[in-house]
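What follows is a set of notes on a single structure, which appears directly below.
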Amino acid sequence: MKNDATIGKNRTGIELSPLDKRSMLEHTELTHPSTETNGAVLAAARAEYYTMPDVIGSVPPPASAKGIAKTGLEALKGVNAAVLIDKLGERLAFERTGSRLYEALIEKCAAEGELPGGPTVPDLQEIHAEEVRHFELVRDALNSLGADPTTMTPSADNAAVQSMGLVKVITDARTTVKQSLEAILTAELVDNDSWALLIELTRTAGRDELLPRFEEARARELEHLANVRRWVRSATMALEKPASHPMV
């Protein structure tokens, strides 16, 4: 098992060079900012942008007559159908990314070797298959509402940007299986809370026909979370004590 926490030639800390540290601190006392400001001007400029009407995309109207009728019916009931479609789009984007995260983790686990406490490659393949099924579930739900599953809704766009860092961690050749599992844990925590919110929103919208499969998906996601938590803990606690190294 590759140990990602070893003593080595890490030179990022200032304490490694006391002389340079003292010199740097002296220079900060001698130099002054090029402008006299406390940050209020920059804050005011940001506030102006924050209050602009621009948003991250929109939810398009359904393309089919069936979809328009369904959306109109929900609006009459006092439910904002656009919110439901937007959050379904979010789950679609996240489940798509989740399946890709597990694909990358499977490759890394196969190359680096399985951890003593798990996961095994078959474990990850099973979760990956379930993530794909959840993607298909949300896609079918959007189709049933007359919505276009290929649309990047505002929440889908937001979720895609959030998950970019997780993709970078797992696909980085330098990160270990343990570090990749920690990234997966972040994804699973978000995924579980998001499924719970989607179920609540679906129930409020009166789309009871969607609830059984959504609740089943949430139950499976809870199992994913429990497994990943266990694997992260096991991998962290099982790291062998490295041989002694000189402090350099």
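All of the numbers you see were taken from the coordinates with simple rules; none came from a lab. The structure presented is a predicted model; accordingly, all values stated were derived computationally and were not measured. Quick reminder, even Gly has a Cβ in these numbers, built from the backbone with ideal geometry, and neighbours come from all protein chains shown.
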Q) Based on the inverse mean of 1/r over its pairs of different Cα atoms, what is the Kirkwood hydrodynamic radius of the stretch 153-247, in Å? A) 15.7
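Would you mind ranking H27, H224 by Cβ crowding within 10 Å, fewest neighbours first?
With the sparsest Cβ surroundings first, the list reads H27, H224.
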(Q) Neighbour counts of other C-beta atoms within 10 Å: give me E221, E182, E26, E112 arranged from fewest to most. (A) E26, E112, E182, E221
Q | Difference of contour (0.36 nm per residue) and Cα-Cα distance, Q125 to I56 | A | 21.4 nm
**Q.** Label-point separation, E107 to A43 (7 Å along Cα→Cβ), nm
**A.** 4.6
**Q.** Inter-site label distance for D172 and L222 at 7 Å from Cα along Cβ, in nm
**A.** 3.4
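Pairs of Cα atoms under 8 Å, at least six residues apart: use those to get the relative contact order of the stretch 60-237, whole percent.
Working: 186 pairs, mean separation 55.2, N = 178.
Reported as a whole number, the value is 31 percent.
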Q: Estimate the FRET efficiency between M237 and V190 by the formula 1/(1 + (r/R0)^6), using the beta-carbon distance for r and 30 Å for R0, to the nearest 0.05.
A: 0.75
Q: Would you order V228, V138, V132 from fewest to most other beta-carbon atoms within 10 Å of each residue's own beta-carbon?
A: V132, V228, V138
Q: Give me the percent of Cα-Cα pairs in the stretch 60-237 that sit more than 29 Å apart, rounded to a whole number.
A: 26
